[in-house]
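Working notes for the structure below.
The values are calculated or read from the model by the stated rules, or taken from the named source; none is laboratory data. Since the model is a prediction, treat every value here as computed from it, not as a measurement. Reconstructed Cβ throughout: ideal geometry from the backbone, glycine too, with neighbour counts over all protein chains shown. Please note that ligands, DNA and RNA were not included when accessible areas were found on the heavy atoms of the full protein model with its side chains. Shrake-Rupley method; radii C 1.70, N 1.55, O 1.52, S 1.80 Å.
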Amino acid sequence: MTDTVDEKITVRAADAADAAAIARTHIRSREVAMPWLPPRKRSDAEVERWVREVVLVDAEVSVAVDGGGSVVGYAAVEGEWLEHLYLMPEVRRRGIGSLLLARAKAQRPGGLDLHVFQRNTDARAFYARHGFTVVDLNDGSRNMEREPDMTLRWNPVTNGTPTDG
C-alpha cells in the first residue's frame, strides 16, 4: 500500500535497504528540531545499526519518499505506540508528517500512544491538531535524554462524528 501527499511524495513500507536513510533522517531531524537535547552518544554507524537491527525488526516502519527516491521522513509503530515520527527539516510543514501519522492511525485504528518531550512545542502542537491528548507527564526519568516528557493518546471517535483519522 502506498499513499501520496502530491505527485512528489509517496509513503510506503520501509525495508532493510532504507536503514541508512532512516538513520540520517532520525539524526538530522533531532539535531535541527531539538537543539536543546544533550549531545548524542552514538555515532552515525551505531544509529544506522540500531535502525537496521531494532527499529526495522520490532516495528512497522513507513517511509516518505520524494520524487527522486530519497527518504524524507519515517514513522515506526510498535504495538500500540508510535515510537518514532521524524522528517528531514527541509520538508516540514508540507503535509508529510500528517500523511505518515494517518498511516500509523490506520495501522492502529483502536488508538495510538506516543511520548513527546515537553519542550518540543512544535511536535506537541502537531499531535494536538491530530486529536492526541495528554495522558501523563514525566520528569525525564524514563528516557535516556533525561528530558521531561509526556504521554499522548489518540482515541478514534466512535459516535459517528467524522475525524481526521
Of (1) -0.46; (2) -0.77; (3) -0.52, the label for log10 I(q)/I(0) by the Debye sum over Cα atoms at q = 0.12 Å⁻¹ derived from the coordinates: (3)
When the chain is fully extended, how far beyond the present Cα-Cα distance does Ala13 get from Glu90, taking 0.36 nm per residue of separation? 25.5 nm
Separation between Cα centres of the stretch 73-107 and the stretch 6-47, rounded to whole Å: 12 Å
Order the peptides 55-65, 26-36 from the highest to the lowest mean number of other Cβ atoms within 10 Å of their residues. 55-65, 26-36
So what is the 222 nm mean residue ellipticity for the chain from helices alone, if each DSSP H run of at least 4 adds -39500 (n - 2.57) and you divide by all residues, rounding to the nearest 500 deg cm²/dmol? -8000 deg cm²/dmol
Which whole-number value in Å³ per residue fits the convex hull of the alpha carbons of the stretch 105-160? 86 Å³
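Looking at the chain, do any whole DSSP H helices span at least 15 angstrom along their long axis by alpha carbon and average -0.5 or above on Kyte-Doolittle, and which? Before the final figure, lay out the partial values.
Values: long enough: 19-33 (21 Å, 0.03); 96-107 (17 Å, 0.68).
Flagged H segments are 19-33, 96-107.
Give the ranking of Tyr127, Tyr74 by solvent-accessible surface, highest area first, calculated with a 1.4 Å probe. Before the final figure, lay out each step's value.
On the way: Tyr127 20, Tyr74 0 Å².
From most exposed to least exposed: Tyr127, Tyr74.
Just subtract the alpha-carbon distance of Ala125 and Arg153 from 0.36 nm times their residue separation and send over the number in nm, one decimal.
Length gained, Ala125 through Arg153: 8.7 nm.
Using the per-residue mean of other Cβ atoms lying within 10 Å as a proxy for protection, in what order, highest first, do the peptides 141-149, 17-25 fall?
Working: 141-149: 13.1, 17-25: 19.6.
Descending packing order for the listed peptides: 17-25, 141-149.
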Full extension between Val134 and Arg146 adds, at 0.36 nm per residue less the Cα distance, a length in nm of 2.4 nm
Can you figure out the FRET efficiency of Val32 with Val57, using R₀ = 30 Å and their beta-carbon distance, to the nearest 0.05? 0.65
